Amino acid sequence: MAGMIRRFTKRFFIVLNCIVCVLFLLSCLVPYLTPATWWPIGFLGLMVPYLVILLVFFMLFWLITKPRLGILPFITLLVGFRQLSTLFAINAKSTFTNVKIEPRIRIADWNVGSLVGLSKGRDKQKAIRKQIASALINTHADVICLQEFNHSYTQGSQADNIGLLIKEYPHYFFSEDYQKGKGFFLYGSIIFSRYPIIHSGKIQYPGKRAESLIYADIVKGEDTIRLFTTHLQSFRFSASDYQDIERIQQQDKELFDASKNLFKKMKVAFTRRGLQANIVRETLDDSPYPSVICGDFNDVPNSYTYFQIRGAWQDAFLDKDFGIGRTYIALAPTLRIDYILPDPGFEIHQFDMVDEDLSDHLMLVADVSLKK
């Protein structure tokens with residue numbers, strides 16, 4: 001009887017190991033298959049960190065019990081080196097220096113969550129906008145790129161969010177993707193700069209309620225640098241969707257309906273982000289100046305979105321930080337969806353992720369300079 005149990009257990013773990021290996025190898029196709037056509041592949045990108053953990057577990061498990069079987073997860077991880085290389089940063093962690101060194105440019109990127117913070121209290125939300133502006137100014141950044149930014153030209157000082165930063169950053173370009181009432185409410189991405197902006201532009205994404213890719217050409221000394229920022233298609237999870245996620249986690253009796261609703265929203269987001277990523281890559285390739293793109297891509301480093309947009313460019317987090325680098329604080333501990341990506345013509349000097357507890361995203365800050 002004991003022998004039967006051992007054989008069953010061994011076969012069970014071998015089969016489970018093979019399933020995990022197959023799923024991870026399929027995830028290695030993510031960079032090459034656009035979710036605009038192959039949308040189910042998007043789910044595999046989200047699974048990669050957990051598949052890696054399982055493969056490491058199996059490798060250690062087999063080394064203890066059956067060393068020869070440990071070769072399978074080991075080879076699988078080697079095949080997926082490209083995925084692993086974007087998942088973990090392995091640099092020695094260093095302290096971010098607030099003192100700026102010329103001719104470096106400091107870039108801050110942040111999804112500011114409509115400037116209302118994490119509190120549900122209206123009084124606290126009114127104060128958050130000033131705290132966010134203060135946190136940004138305290139970074140001493142030269143350029144600030146914000147997503148989910150809103151502003152009003154007609155509601156007075158309590159909604160004049162551009163006014164909070166314009167004294168320190170007199171030059172800006174605002175996408176104004178959503179508008180209500182001729183300036184009553186404006187929403188989108190914005191680029192603020194201490195340095196003159198000689199040209200700016202906007203590439204609108206296709207579809208209803210779509211945002212845009214924006215850029216600003218910034219002049220510092222004799223150099224002109226193009227800064228891009230964008231907010232790609234999100235899953236648009238509502239409060240009820242987060243309740244659905246809790247039901248799934250608790251195996252609620254309404255599990256099927258909850259899963260179906262979430263599945264539909266994720267399918268739409270994967271598809272649209274695939275199309276948007278292609279637009280971004282084409283626009284980056286046409287830039288006449290040294291460029292940096294930063295923003296909220298709403299996708300993980302193991303996704304088609306990330307690989308397509310990054311191309312041969314650098315990732316400030318991978319270059320200077322350590323760990324997985326979570327930037328979105330809800331749902332899962334593996335969601336690095338905000339990025340600062342300079343082109344190969346830049347040197348990255350330092351990078352930091354700052355949790356001000358004012359948004360559901362962390363702020364990213366990087367010092368870069370043009371290679372001479």
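The values are calculated or read from the model by the stated rules, or taken from the named source; none is laboratory data. These numbers were taken from a predicted model, which means no experiment stands behind them. With ideal geometry, Cβ positions are generated from the backbone for all residues, glycine too; neighbour counts draw on all protein chains shown. These accessible areas exclude ligands, DNA and RNA; they are computed on the full protein's heavy atoms, side chains included. Shrake-Rupley method; radii C 1.70, N 1.55, O 1.52, S 1.80 Å.
Within the set PHE88, PHE43, the sole residue that is under 20 Å from THR334 (Cβ atoms), at pLDDT below 85 and surrounded by fewer than 17 Cβ atoms within 10 Å (Cβ to Cβ) turns out to be PHE43. Scanning segment 174-189 for residues that are in contact with a strand residue (DSSP E or B) (Cβ under 6 Å, 6 or more places away or on another chain), open to solvent by less than 40 Å² (accessible area, probe 1.4 Å) and within 25 Å of THR271 (Cα to Cα) yields SER175, ASP177, TYR187, SER189. The residues on offer are PHE297, PHE317, and the sole one that is touching a Leu at 6+ places or on another chain (Cβ under 6 Å), within 20 Å of VAL112 (Cβ to Cβ), modelled with pLDDT of 90 or more and among the aromatic types (Phe, Trp, Tyr) is PHE297. Scanning segment 336-357 turns up one or more residues that are within 22 Å of ILE105 (Cα to Cα), in a strand (DSSP E or B) and either touching a Gly at 6+ places or on another chain (Cβ under 6 Å) or of a type in the set (S, T, N, Q) (or both).
Flag set for LEU72, criterion: modelled with pLDDT of 90 or more and surrounded by 15 or more Cβ atoms within 10 Å (Cβ to Cβ). So which residues in segment 186-221 are out of contact with any Ser or Thr (no Cβ under 7 Å at 6 or more places or on another chain) and among the aromatic types (Phe, Trp, Tyr)? Matches in segment 186-221: TYR187, PHE192, TYR195. A single entry from ILE101, ILE132 fulfils the requirement of being touching a residue at least 60 places away in the same chain (Cβ under 8 Å), open to solvent by 40 Å² or more (accessible area, probe 1.4 Å), closer than 15 Å to VAL365 by Cα and out of contact with any His (no Cβ under 6 Å at 6 or more places or on another chain): ILE101. How many of the residues making up segment 104-120 are open to solvent by 20 Å² or more (accessible area, probe 1.4 Å) and not small (Gly, Ala, Ser)? Looking only at that region, the number is 4. Candidates are the residues of segment 123-174 that are assigned to a loop (DSSP other than H, G, I, E, B) and of a type in the set (Ser, Thr, Tyr); the one that is nearest to ILE337 (Cα to Cα) is THR139.
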